[in-house]
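Peer 1: One structure, pasted below without further comment.
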Amino acid sequence: SYTIGVLALQGAFREHLEHLQRAVAAADLAAYSFSLLEVKTPEQLAQCSALVVPGGESTSMSLIAERTGMLEPLREFVASKPAWGTCAGLILLASEIHNARPHQKALGGMDICVARNAFGRQLESFEEACDFSDFAPGVTAFKTVFIRAPVVSAVRKGADFVSVGPKKMHRPNVCSFQEGEKTLTSFDLVVKAECENTAPVEVLHSLPNGLVVAVRQGNKLGTSFHPELADDCSFHHWFVKEFVVGH
Ligand code: GLN
């Protein structure tokens, strides 16, 4: 039996729980038993066999995690167990965050570099029908929703980080903040975390313009978009089969 947790500190966790509920009811998963859990405490996290980190706001999520004593337990969890981050969750799972905000923390579950708010103002939010069937059998014409989404800009290959996607990013949506007397922008603010994931990083999906929006590293999955906001649980179903039951 499997317990799938959804981190419920902030953001779109209810939608993930609803989609998972529908996904685990599929006939081809009837042989397994699943419980779903809203995760707010280290005790709840300890019960989970896999964790979904939802979209929302990555800085708020990491601040709440710190305040509630969840940061270290989350780091330990994602160092070994299956996890999936969507949007802000992908930012949290990364080992390097560019265009970060001050005090933001990374969990370092995947050895990737993400750029926050990478689509610029014009393209802050949009939808796109994507065909994911080359890695997720049967998931075609899937409505992906992007909301102030990050992209994966580099991934670990052997000893190096190599950039992925187009050389020139879309204009990132930069924010400014005060540090003492100085007004700084987030553009050059980079936050890093140790990462123990040694599995190869696979780029699962790029948009037609080359921006990388879905990656996998071993039992970790990261998507820039929000499958929990589509009226379709096929992506969650694939996650459960491939990452929860498969590991
Ligand atoms: N821009 C948000 C962040 O940096 C992510 C947005 C989202 O999760 N939809 O955390």
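The values are calculated or read from the model by the stated rules, or taken from the named source; none is laboratory data. Treat the numbers as computed from the prediction; the structure is a model and nothing was measured. Every residue, glycine among them, receives a Cβ derived from its backbone with ideal geometry; neighbour counts consider all protein chains shown.
Peer 1: Give region 150-163 a look and list any residue that's within 16 Å of the ligand (Cβ to nearest atom) and among the aliphatic types (A, V, I, L, M), or say none. Spell out the reasoning first.
Peer 2: If we filter region 150-163 for residues that are within 16 Å of the ligand (Cβ to nearest atom), which is where we start, we get 150-153.
The answer is V151, V152.
Peer 1: Starting from region 47-67, take each residue that is closer than 21 Å to A115 by Cβ and of a type in the set (A, V, I, L, M) and list its partners that are within 9 Å of the ligand (Cβ to nearest atom) and not in a loop (DSSP other than H, G, I, E, B), counting only C-beta distances under 7 angstrom and pairs at least six apart or across chains.
Peer 2: Taking only residues 6 or more apart or on different chains, the pairs are V53/G89; V53/L92; M61/A88; M61/L92.
Peer 1: Read through the list (1) of a type in the set (A, V, I, L, M); (2) more than 27 Å from V245 (Cβ to Cβ); (3) near the ligand (Cβ under 8 Å from one of its atoms); (4) buried (at least 24 other Cβ atoms within 10 Å of the Cβ), then give the number of the only condition that I147 fails.
Peer 2: Unmet condition: (4).
Peer 1: Filter region 124-183 down to residues that are touching an Asp or Glu at 6+ places or on another chain (Cβ under 7 Å) and of a type in the set (D, E, K, R) and give me whichever is modelled with the lowest pLDDT.
Peer 2: Across region 124-183, the extreme among qualifying residues is R148.
Peer 1: Quick one: C233 ticks every box in (1) under 16 Å from the mean Cα position of the chain (by Cα); (2) at pLDDT 95 or above bar one, so which box is it?
Peer 2: Of the numbered conditions (1) under 16 Å from the mean Cα position of the chain (by Cα); (2) at pLDDT 95 or above, the odd one out for C233 is (1).
Peer 1: For region 47-68, name all the residues that are under 24 Å from S35 (Cα atoms) and more than 8 Å from the ligand (Cβ to nearest atom).
Peer 2: Q47, C48, S49, A50, L51, V52, V53, A65, T68
Peer 1: Being under 22 Å from L229 (Cβ atoms) and over 18 Å from the mean Cα position of the chain (by Cα) is the filter here; which residues of region 93-125 pass it?
Peer 2: Of everything in region 93-125, those that are under 22 Å from L229 (Cβ atoms) and over 18 Å from the mean Cα position of the chain (by Cα) turn out to be G120, R121, Q122, L123.
Peer 1: For region 34-99, give me every one of the helices (runs of 4 or more DSSP H) that falls completely inside it and has 2 or more residues that are among the acidic types (D, E) and either on the phi < 0 side of the Ramachandran plot or in contact with a Pro (Cβ under 7 Å, 6 or more places away or on another chain) (or both).
Peer 2: Values: elements: 42-46, 58-67, 71-80, 88-93.
Once the helices (runs of 4 or more DSSP H) in region 34-99 are filtered for at least 2 residues that are among the acidic types (D, E) and either on the phi < 0 side of the Ramachandran plot or in contact with a Pro (Cβ under 7 Å, 6 or more places away or on another chain) (or both), what remains is 71-80.
Peer 1: Can I ask one more? Output the residues belonging to region 100-111 that are part of a loop (DSSP other than H, G, I, E, B) and either closer than 26 Å to D160 by Cβ or away from the ligand (no atom under 11 Å from the Cβ) (or both).
Peer 2: As a first pass, look at region 100-111 and keep what is part of a loop (DSSP other than H, G, I, E, B): 100-109.
A100, P102, H103, Q104, K105, A106, L107, G108, G109 - these are the residues of region 100-111 that are part of a loop (DSSP other than H, G, I, E, B) and either closer than 26 Å to D160 by Cβ or away from the ligand (no atom under 11 Å from the Cβ) (or both).
Peer 1: Here are the criteria: (1) at pLDDT 90 or above; (2) buried (at least 24 other Cβ atoms within 10 Å of the Cβ); (3) closer than 20 Å to A12 by Cβ; (4) of a type in the set (A, V, I, L, M). Tell me which single one I112 does not satisfy.
Peer 2: Going through the list (1) at pLDDT 90 or above; (2) buried (at least 24 other Cβ atoms within 10 Å of the Cβ); (3) closer than 20 Å to A12 by Cβ; (4) of a type in the set (A, V, I, L, M), I112 breaks only (3).
Peer 1: Which members of region 11-28 meet the condition of being in a helix (DSSP H, G or I) and either under 18 Å from L51 (Cα atoms) or of a type in the set (K, R) (or both)?
Peer 2: Taking region 11-28 and keeping what is in a helix (DSSP H, G or I), we get 13-24, 27-28.
Result: F13, R14, E15, H16, L17, E18, H19, L20, Q21, R22, A23, V24.
Peer 1: Would you confirm, using the coordinates I've provided, whether A26 is surrounded by fewer than 16 Cβ atoms within 10 Å (Cβ to Cβ), under 22 Å from P137 (Cβ atoms) and without any contact (Cβ under 8 Å) to a residue 24 or more places away in the chain?
Peer 2: So A26 fails the test.
Peer 1: Working only within region 113-142, note down all residues that are out of contact with any Cys (no Cβ under 7 Å at 6 or more places or on another chain), part of a strand (DSSP E or B), in contact (Cβ under 8 Å) with a residue 40 or more places away in the chain and away from the ligand (no atom under 15 Å from the Cβ).
Peer 2: Matches in region 113-142: C130 only.
Peer 1: If a residue must be surrounded by fewer than 23 Cβ atoms within 10 Å (Cβ to Cβ) and within 15 Å of the ligand (Cβ to nearest atom), how many such residues does region 69-96 contain?
Peer 2: 1
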